[in-house]
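Take a look at the structure set out below.
The values are calculated or read from the model by the stated rules, or taken from the named source; none is laboratory data. This one's a predicted model, so the numbers in the text were calculated from it and none came from an experiment. Here the Cβ positions follow ideal geometry from the backbone for every residue, glycine too, while neighbour counts run over all protein chains shown.
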Amino acid sequence: MFLLLITLISLFINSGYSFTDEATGSKFYETNFLISDLKKLKIKECNSLDDCPEYSTACSIGDDGKSYCDFKFYCRTNYACFLEIPDEISNEIIPRIKELDRNETISHSFSVDVEQEYKKDFSMGTETSLKMKSSLEQSSQCYMFCKKDSDCYSELCKGDCCIANSNIEELICTPNKKEPTSKGVICKLSNNQKCSKDENCYSNCCDYSGVCLDDYNSNEKKKFDNEVNIFYVFIMLIILLITSVLFCSFYFGRKVNKPLKGKRKHILDD
């Protein structure tokens, strides 16, 4: 009985680390590129992935109907960025990157920006063990479980869960699909980062609570709608009050200034 109790206690203690992380559907590799490096890259038109730099994961169609070399980097300010490679194409992309990395000439040709005389060879490490997805501290849902801060991409582990860190801004950098050749790379906030408008977020959704999400939180939307309704009711009451005051002032003002007929006749008789 004593042995069984010890076993149950042990299982309970370790249960916090036995949960399964939410699948990201991708692998992440640390690179030597910073945000400043990405913003200097030129976006290349392509017919297939073979026309693209080693860090590209697809030849995708932009908003203008042309095909461009596509990629997605996860970045933090003043940290090296991570290249995201979707699981379904990782067997094709990873050997390709390793092969191109061996060819110094190809690597150089893709990393040179002639106009700005920018040159940096791309290199990629092994798959990271960092937990790349973080939760909001006030949320009851945990995406990635941890034991210490260094387990998390956000560098904040609380209650065995990777939490969004207000001291570290997380960004997703991709080619600008609207104007790829003129605008180059664009970096926007990843989910659970603080925002002020939709355009700040990679998901293009700045929730009513002021954070980037995939979609608007229904509870926050209801709260926001209620606040808007209360605001409009308040404005209408103010307008009604001002209108009433003006009407009363006008009405009683006329009544006070209007001479009485009897009084006027008495004055004339005198």
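Points to keep in mind about this one:
- The range 33-126 holds strands (runs of 3 or more DSSP E) entirely within its bounds, and those carrying 1 or more residues that are at pLDDT 90 or above, under 30 Å from Asn165 (Cβ atoms) and in contact with a helix residue (DSSP H, G or I) (Cβ under 6 Å, 6 or more places away or on another chain) map to 73-76, 82-86.
- Top-ranked residue of the range 140-156 - restricted to ones that are of a type in the set (Gly, Ala, Ser) and exposed (fewer than 15 other Cβ atoms within 10 Å of the Cβ), ranked as nearest to Cys75 (Cα to Cα): Ser150
- Residue tally, condition of a type outside the set (A, V, I, L, M, F, W, C) and more than 19 Å from Gln193 (Cβ to Cβ), over the range 139-158: 5
- As for the range 159-172, it holds at least one residue that is more than 20 Å from the chain's Cα centre (by Cα), outside the structural domain of Asn191 (by TED's automatic domain parsing), more than 16 Å from Leu213 (Cβ to Cβ) and part of a loop (DSSP other than H, G, I, E, B).
- Residues that are out of contact with any helix residue (DSSP H, G or I) (no Cβ under 8 Å at 6 or more places or on another chain) and on the phi > 0 side of the Ramachandran plot, drawn from the range 157-194: Gly159, Gly184, Asn192
- For Ser244, the test of being at pLDDT 70 or above, more than 30 Å from Phe71 (Cα to Cα) and small (Gly, Ala, Ser) is passed.
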